[in-house]
1. Of all residues in region 95-124, count the ones that are out of contact with any Leu (no Cβ under 9 Å at 6 or more places or on another chain), exposed (fewer than 11 other Cβ atoms within 10 Å of the Cβ) and of a type in the set (A, V, I, L, M, F, W, C).
2. Filter region 127-142 for residues that are under 16 Å from ALA51 (Cα atoms), surrounded by 12 or more Cβ atoms within 10 Å (Cβ to Cβ) and not polar (S, T, N, Q) and give the result.
3. For region 34-50, what are the residues that are exposed (fewer than 10 other Cβ atoms within 10 Å of the Cβ), at pLDDT below 90 and closer than 12 Å to ARG64 by Cβ?
4. Residues in region 111-126 that are over 30 Å from GLY54 (Cβ atoms) and under 20 Å from the mean Cα position of the chain (by Cα): how many?
5. For GLY19, which of the numbered conditions (1) on the phi < 0 side of the Ramachandran plot; (2) under 24 Å from the mean Cα position of the chain (by Cα); (3) at pLDDT below 95 fails to hold?
6. Does region 58-111 hold any residues that are among the charged types (D, E, K, R) and either within 20 Å of SER12 (Cα to Cα) or not in a helix (DSSP H, G or I) (or both), and which are they?
7. Quick one: which of ASP101, ASP38 is more than 29 Å from GLY137 (Cα to Cα), more than 17 Å from the chain's Cα centre (by Cα) and charged (D, E, K, R)?
8. Which residue pairs have Cβ atoms closer than 9 Å, lie 6 or more positions apart in sequence or on different chains, and pair a first residue in region 117-139 that is in a helix (DSSP H, G or I) with a second residue that is at pLDDT 95 or above and among the hydroxyl-bearing types (Ser, Thr, Tyr)?
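The values are calculated or read from the model by the stated rules, or taken from the named source; none is laboratory data. Since we're looking at a predicted model, the values are computed, not measured. Please note: Cβ atoms are built from the backbone with ideal geometry, for glycine as well, and neighbour counts cover all protein chains shown.
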Amino acid sequence: MATLVGVAPAVSRRRRMLGPALAIGGLAAATLALHLRDPHESGSWGYCPTALLGLDCPGCGGLRAVNDLTHLRLADAASSNLLLVLALPLAVFALARWTLDEWRGVTRLPRPRTTWLATTGVVAVLVAFTVLRNLPGSWLAA
């Protein structure tokens, strides 16, 4: 949990909103591009270096999952990259919270223990997901 520090009135709202606006705009552009150009076609967006080595990384299938989500195919998206589909609501929440904080001029300082626990948890999930999806016959494979 982050600590609320207070309001920073010295910076204009327009200036504070630049980061969230650029992030949202970039994500929207990338999502639109993935909607329009199908990553299910081999090589249409290049090749993942780890996949070329025979290893499915935690991100493998992420482009296909986003494409599937833009076509409202949730089961297909989960089949392409379950971790991305499960993490997406958390990412949307974090982006919304950041945007709202910037709008209000609120600064949150992360607590070191919370940051350490969250980082350790994310790394553990990524490692476990990578191992599980690379097991022979795994249904998590990209």
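1. Adding up the residues that qualify gives 2.
2. PHE129, LEU132, ARG133, LEU140, ALA141, ALA142
3. Correct list: SER42 only.
4. 5
5. The one condition GLY19 does not meet is (3).
6. ARG73, ARG97, ASP101, GLU102, ARG104, ARG108, ARG111
7. None of the others qualify; the one that does is ASP101.
8. From residues that are in a helix (DSSP H, G or I), there are no pairs.
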